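Q: Quick one: structure below, then a few questions.
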Amino acid sequence: MEAGEKISAGNEDAYMNGYNWDAIFSCYLKKHEPDILKEMETDPEADMYAAFYPLTPENESRAERFVEIIRSLIEQEDKFCQFVKEESDNIEWD
């Protein structure tokens, strides 16, 4: 929640609902980890974000890497907020 509030404070388009989390993660992964998007499906809603894959060993590894990426982004809030600021025009905001 704190990271979302900081992102929202820096960009009026970035009110952090599930759709905007989807937009940020999609932009980030396309730029830094495009393999994680392979076979990924998302189901954002107004109050939540979910990502899932068909069950295979390769996709299980992708999902675990995605969890680590999310954890890293949240733990490095300043770096994450800087990415959002720099890529704001490339993020498909809700």
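The values are calculated or read from the model by the stated rules, or taken from the named source; none is laboratory data. What you are looking at is a predicted structure, and each value in this text was computed from that prediction instead of being measured. Positions of Cβ are backbone-derived with ideal geometry, glycine not excepted, and every protein chain shown enters the neighbour counts.
Q: Looking only at segment 13-30, count every residue that is among the basic types (K, R) and under 14 Å from A50 (Cα atoms) and tell me the total.
A: Residues meeting the conditions: 0.
Q: While we're on this one: Report, by residue number, each residue of segment 71-80 that is over 12 Å from Y28 (Cα atoms) and in contact (Cβ under 8 Å) with a residue 60 or more places away in the chain.
A: I74, E77 - these are the residues of segment 71-80 that are over 12 Å from Y28 (Cα atoms) and in contact (Cβ under 8 Å) with a residue 60 or more places away in the chain.
Q: Limited to segment 30-58, what total is found for residues that are over 21 Å from N20 (Cβ atoms) and touching a strand residue (DSSP E or B) at 6+ places or on another chain (Cβ under 8 Å)?
A: Going through segment 30-58 one residue at a time, the tally reaches 1.
Q: Name every residue in segment 21-62 that is aliphatic (A, V, I, L, M), out of contact with any Leu (no Cβ under 7 Å at 6 or more places or on another chain) and within 30 Å of E5 (Cβ to Cβ), in order of residue number.
A: Hits for segment 21-62 are A23, I24, M40, A46, M48, A50, A51.
Q: Which residue pairs have Cβ atoms closer than 8 Å, lie 6 or more positions apart in sequence or on different chains, and pair a first residue in segment 56-70 that is among the small types (G, A, S) with a second residue that is surrounded by 12 or more Cβ atoms within 10 Å (Cβ to Cβ)?
A: The qualifying pairs are A63/A51; A63/F52; A63/Y53.
Q: Something else: Tell me, which helices (runs of 4 or more DSSP H) lie completely within the chain with 2 or more residues that are of a type in the set (G, A, S) and out of contact with any Asp or Glu (no Cβ under 8 Å at 6 or more places or on another chain)?
A: In the chain, the matching helices (runs of 4 or more DSSP H) lie at 2-10, 57-75.
Q: Going through segment 41-58 one residue at a time, which ones are surrounded by 11 or more Cβ atoms within 10 Å (Cβ to Cβ) and under 20 Å from A9 (Cβ atoms)?
A: Passing the criteria: only Y49.
Q: Anything in segment 1-41 that is at pLDDT 95 or above and over 26 Å from E60 (Cβ atoms)? List them, or say none.
A: Once the filter is applied, which keeps residues that are at pLDDT 95 or above and over 26 Å from E60 (Cβ atoms), segment 1-41 yields nothing.
Q: So which residues in segment 44-94 are hydroxyl-bearing (S, T, Y) and in contact with a Gly (Cβ under 9 Å, 6 or more places away or on another chain)?
A: Passing the criteria: Y49, S88.
Q: A follow-up question, please. Output the number of residues of segment 59-92 satisfying the condition of being among the hydroxyl-bearing types (S, T, Y) and either loosely packed, with under 14 Cβ neighbours inside 10 Å or in contact with a strand residue (DSSP E or B) (Cβ under 8 Å, 6 or more places away or on another chain) (or both).
A: 2
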